[in-house]
Amino acid sequence: MDFSIRAANLDDCKDIARMIMVSGHVRACVRPNLEQDGFSKNPFFHGIIAEVPEQHRTREGHTKIGYALYFYSYSSFVGRSIYMEDLYVMPEFRGKGVGKALMSKVAQLALAAGCHQLNFTVLDWNKPSMDFYLSQGCFNVTSSLGCHCMRCEGEALEHLAQP
Amino acid sequence: MNFKIRRAAKEDCKDISRMIMELAVYEKMPDQVKISHEELERDGFCQNPFFECLVAEVPEEHKSNEGFTIIGYALYFYTYSTWKGRAVYVEDLYVMPEFRGNGIGTGLLSKAAEIGKKKQCVRLQLSVLNWNTPSRDFYAGKGAQDLTVTEGWHTIRFDGQNLDKLANEAPKD
């Protein structure tokens, strides 16, 4: 199947938001302000889009059928790193190399920016995704090193942020 | 104990690098540190920095046994959740052993949270090693949830040759 991968621009935000909202793992949430957070002077993220030609558009007429969202991070041990926040391909376009192409593009961008690691998170029960990633040569930092992901939000964060 | 939390300056990178190595030793990974103060200076103090840093400083009369007054740091950067928006990630939080128990770790973490809040961040995230009970207790005491335990989140990484191989497979432009 013919598809292309390119950098996301401001006009893509509606399609990215559409795909975020229909992602199987997302419950009802407020649409994030992608335009402001991804396309202003100091963006919080960058995006890449997978697009198919018109003749392969979805029933609803969409040609933007996958995306990856990433941002630069830092390891005090190895330096510049990249974090892939989202990787998504619409169900009807899976199994055609689109997800792999998006992830490879993020890896390519990582190396071009002098990054030494590409990190992301996966739910341990998500076997198809876990198998896919492990087959691509990554390693599970949580299983091998015992690294746990921690979060402070809501009231706990308010309390912590008090000077 | 009298101490001050402030934004790191470029000149602090040698001290930060020293403490990164101390943290690596504590985490039983001293051979994993590949960068020095030079990369910190380049990446933290450029036009679009990869990270921000806070340092904890004590007055001369409280300097460490080796004579250091920069005795703790927090290194953090901004991240994004497509579900919730802006967040701050604390990559490192470290206080030299002889200065622990004086609220310095809390001071550094709180300052990072305050800075994040000013930028409309709605989450503060970090990682902790499962055997590191003092740190796990510290963060639990601040109301942090362990997402690996409660929701099954695992951190996955590509580096070295695996990262090169993945990048080589990217579609040509």
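The values are calculated or read from the model by the stated rules, or taken from the named source; none is laboratory data. Remember, it's a predicted structure, so these values are computed and weren't measured experimentally. FYI the Cβ positions are ideal-geometry reconstructions off the backbone, even for glycines, and counts take in every protein chain you see. Protein only, heavy atoms only, side chains kept; ligands, DNA and RNA dropped before computing areas. Shrake-Rupley method; radii C 1.70, N 1.55, O 1.52, S 1.80 Å.
Would you mind working out the magnitude of the charge dipole of segment B:107-173 relative to its Cα centre, with +1 at each Lys and Arg C-beta and -1 at each Asp and Glu C-beta, to the nearest 20 Debye?
About 380 debye.
Can you give the local net charge around A:Ile16? Use residues other than it whose beta-carbon is closer than 15 angstrom to its beta-carbon, Lys and Arg +1, Asp and Glu -1.
-3
Starting from the 7 Å offset along Cα-to-Cβ, what nm value, one decimal, do you get for the label separation of B:Asp137 and B:Glu66?
2.7 nm
Between B:Tyr26 and A:Val22, what is the spin-label point distance in nm, taking each point 7 Å from the Cα along the Cα→C-beta axis?
The two pseudo-label positions are separated by 4.8 nm.
Counting only C-alpha contacts under 8 Å and six or more residues apart, can you give the relative contact order of segment B:12-150 as a whole percent?
17 percent
What average count of beta carbons from other chains do you get within 10 Å of the Cβ of residues in B:141-152?
Neighbouring Cβ atoms belonging to other protein chains average 6 per residue here.
Carbon-plus-sulfur fraction of the accessible area of chain A, 1.4 Å probe, in percent?
Carbon with sulfur: 53 percent of the solvent-accessible area.
Under a cut-off of 17 Å between alpha-carbon atoms, report the lysines in cross-link reach of B:Lys142, not counting same-chain residues fewer than 8 places apart.
B:Lys111, B:Lys117
Positive end of the dipole of the protein assembly as shown, charges at C-beta (+1 Lys, Arg; -1 Asp, Glu), about the Cα centre: which of A:Ala8, B:Ala140, B:Val55 has its Cα farthest in that direction?
A:Ala8
For the B and A pair, go ahead and give the buried accessible area with a 1.4 Å probe, both sides summed, in Å² to 100.
Buried surface at the B/A interface: approximately 6900 Å².
Per residue of B:52-59, count partner chain C-beta atoms within 10 Å of its C-beta, then hand back the mean as an integer.
That average works out to 0.
Net charge near A:Thr63: determine it from the other residues with C-beta under 14 Å of the C-beta of A:Thr63, scoring Lys and Arg +1 and Asp and Glu -1.
Here the count lands on -2.
Rounded to the nearest 20 debye, what is the charge dipole size of segment B:1-71 about its Cα centre when +1 sits on each Lys and Arg Cβ and -1 on each Asp and Glu Cβ?
120 debye
Tell me, what ³J(HN,Hα) does each residue in segment A:138-150 have, in order and in whole Hz, if you take phi through Karplus 6.51 cos²θ - 1.76 cosθ + 1.60 with θ = phi - 60° and put x for Gly and Pro?
Once rounded to whole Hz, the list reads 7, 10, 8, 5, 5, 5, 7, 10, x, 7, 9, 8, 10.
How many Cβ atoms of partner chains, on average, are near each residue of B:38-45 if near means within 10 Å of its Cβ?
Other-chain Cβ atoms within 10 Å of each residue's Cβ, averaged: 2.
Counting only heavy atoms of protein chains, what accessible area per residue, in Å², does chain A have with a probe of 1.4 Å?
47 Å²
Just to verify a number: FRET efficiency for B:Ala9 and B:Val122, C-beta to C-beta distance, R0 = 25 Å, to 0.05?
Step by step, r from the Cβ atoms, then E = 0.30.
Using alpha carbons only, how many angstrom separate the centre of segment B:36-51 from the centre of segment A:137-160?
24 Å
Say R0 is 25 Å: what FRET efficiency, to the nearest 0.05, do A:Gln55 and A:Lys127 get from their beta-carbon distance?
According to the calculation, E is roughly 0.15.
Please name which of A:Leu123, A:Leu111, A:Gly79 has its Cα lying farthest along the dipole of segment A:42-163 towards the positive end, using unit charges on Cβ (Lys, Arg +1; Asp, Glu -1) and the Cα centre as origin.
A:Leu111
If you take the beta carbon distance between B:Glu98 and A:His159 as r and set R0 to 41 Å, what does 1/(1 + (r/R0)^6) give as a FRET efficiency, to the nearest 0.05?
0.90
Summarise the accessible area of segment B:4-169 (1.4 Å probe, protein heavy atoms) by the percent that is carbon and sulfur.
It is 48 percent, rounded to a whole number.
Would you mind calculating the gained length between A:Ala113 and A:Asp11 on full extension (0.36 nm times residue separation, minus the Cα-Cα distance), in nm to one decimal?
Gain on stretching A:Ala113 to A:Asp11: 34.3 nm.
For B:Asp173, what charge total do you get from the other residues with a beta carbon under 11 Å from its beta carbon, if Lys and Arg give +1 and Asp and Glu give -1?
Taking every Cβ under 11 Å from that of B:Asp173, the sum is +3.
How much area per residue is accessible in chain B when the probe is 1.4 Å and only protein heavy atoms are counted (Å²)?
On a per-residue basis, chain B sits at 48 Å².
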